[in-house]
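See structure below.
The values are calculated or read from the model by the stated rules, or taken from the named source; none is laboratory data. The model shown is predicted, which means the values in this text are computed figures rather than measured ones. So basically every Cβ, Gly included, is an ideal-geometry build from the backbone, and we count neighbours across all protein chains shown.
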Amino acid sequence: MIKVRPAAERGHAQHGWLDSWHTFSFADYYDPEHMGFRALRVINDDRVDPAQGFGRHPHRDMEIISYVLEGALEHRDSMGTGSVIRPGDVQRMSAGTGVAHSEFNASRSELVHFLQIWLVPSQRGIAPSYAQKTFTREDKRGRLRLLASPDGRDESISIHADARLYAGLFAAGESAQLALDRGRHAYVHVAKGGARVNGRALSAGDGLALSEEASVHIEGIDGVGEGEVLVFDLG
């Protein structure tokens, strides 16, 4: 079973300094048909104005991944962690028993465009923690590179959720396939450009949920720009 989630049908919030698109129900956007998919609870496609951002706020019992597409995002949290993440960086914050953090555009002149992803943890009440890793464009060129996994295999970031996150960059003529074990599901999000996924042509912001499929097949498309694609392998 394959279900397309068109970009234009997502929830949308415009707060002046923040332009945010919600794949699943979030904040004031509520759609009972789109509450999440398996352990995947949130994909927010955020653009934040220069020197603006989210002030200090709390989270608990959630795995939060930030993936920057353009610009630079500054992160600070109650664990004492502070960093600036840029395209290629993947940041994971396990909120566990509770953590507070802030996220701001680190630039005074350029927009920051990033995805904030929430995954429901496989275990509640764990100690809060943080991890960050850089994956180069070469790591993702024409293939699906594992970015995050429960066991941290292949030098991916470890997460406390039944999910594996992959990302790839696909120009026309480039393709990759991810086999899905029996009983697994997948969610694909096209972050930039376009790509063809299991025969469906998708553009930036589009998503695709797959169940009872043997694999995810991704290929670049002529004339739409390089596709940057995230794939979630979910239980």
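Against the definition (within 23 Å of residue 234 (Cα to Cα), touching a Gly at 6+ places or on another chain (Cβ under 7 Å) and not assigned by TED's automatic domain parsing to the domain that holds residue 187), how does residue 22 come out, yes or no? Explain how you work it out, then say what you get.
Details: within 23 Å of residue 234 (Cα to Cα): yes; touching a Gly at 6+ places or on another chain (Cβ under 7 Å): yes; not assigned by TED's automatic domain parsing to the domain that holds residue 187: yes.
Yes; evaluated as a whole, the condition is true for this residue.
Screening the candidates 84, 90, 112 for the property of being over 18 Å from residue 10 (Cβ atoms), of a type in the set (A, V, I, L, M, F, W, C) and free of Cβ contacts under 8 Å to residues at least 60 places away in the same chain yields one hit, 84.
Considering segment 38-66, and only residues there that are part of a loop (DSSP other than H, G, I, E, B) and either outside the structural domain of residue 95 (by TED's automatic domain parsing) or free of Cβ contacts under 8 Å to residues at least 60 places away in the same chain (or both), the residue that is nearest to residue 26 (Cα to Cα) turns out to be 62. Mind checking which residues of segment 9-26 are surrounded by fewer than 18 Cβ atoms within 10 Å (Cβ to Cβ), in contact (Cβ under 8 Å) with a residue 12 or more places away in the chain and closer than 24 Å to residue 208 by Cβ? Those that are surrounded by fewer than 18 Cβ atoms within 10 Å (Cβ to Cβ), in contact (Cβ under 8 Å) with a residue 12 or more places away in the chain and closer than 24 Å to residue 208 by Cβ: 12, 13, 19, 25. What are the residues in segment 3-23 that are in contact with a strand residue (DSSP E or B) (Cβ under 7 Å, 6 or more places away or on another chain) and either part of a strand (DSSP E or B) or small (Gly, Ala, Ser) (or both), if any? Hits for segment 3-23 are 3, 4, 5, 7, 11, 12, 13, 18, 19, 20, 21, 22. For segment 103-118, which positions are closer than 22 Å to residue 189 by Cα, of a type outside the set (Phe, Trp, Tyr) and assigned to a strand (DSSP E or B)? Selection gives 112, 113, 115, 116, 117. Once segment 178-211 is narrowed to residues that are under 17 Å from the mean Cα position of the chain (by Cα) and assigned to a loop (DSSP other than H, G, I, E, B), the residue that is surrounded by the most Cβ atoms within 10 Å (Cβ to Cβ) is 206. Can residue 224 be described as surrounded by fewer than 24 Cβ atoms within 10 Å (Cβ to Cβ) and either among the β-branched types (Val, Ile, Thr) or not in a strand (DSSP E or B) (or both)? So residue 224 passes the test. Looking only at segment 130-177, residues that are within 24 Å of residue 95 (Cα to Cα) and part of a strand (DSSP E or B) come to 16 in all. When restricted to residues that are crowded, with 20+ Cβ neighbours inside 10 Å and within 17 Å of residue 206 (Cβ to Cβ), segment 27-41 contains 2.
Specify which of the listed residues (46, 89) is closer than 27 Å to residue 193 by Cβ, buried (at least 20 other Cβ atoms within 10 Å of the Cβ) and within 14 Å of the chain's Cα centre (by Cα). Break it down stepwise before answering.
Working: 89 fails: buried (at least 20 other Cβ atoms within 10 Å of the Cβ).
Only one candidate qualifies: 46.
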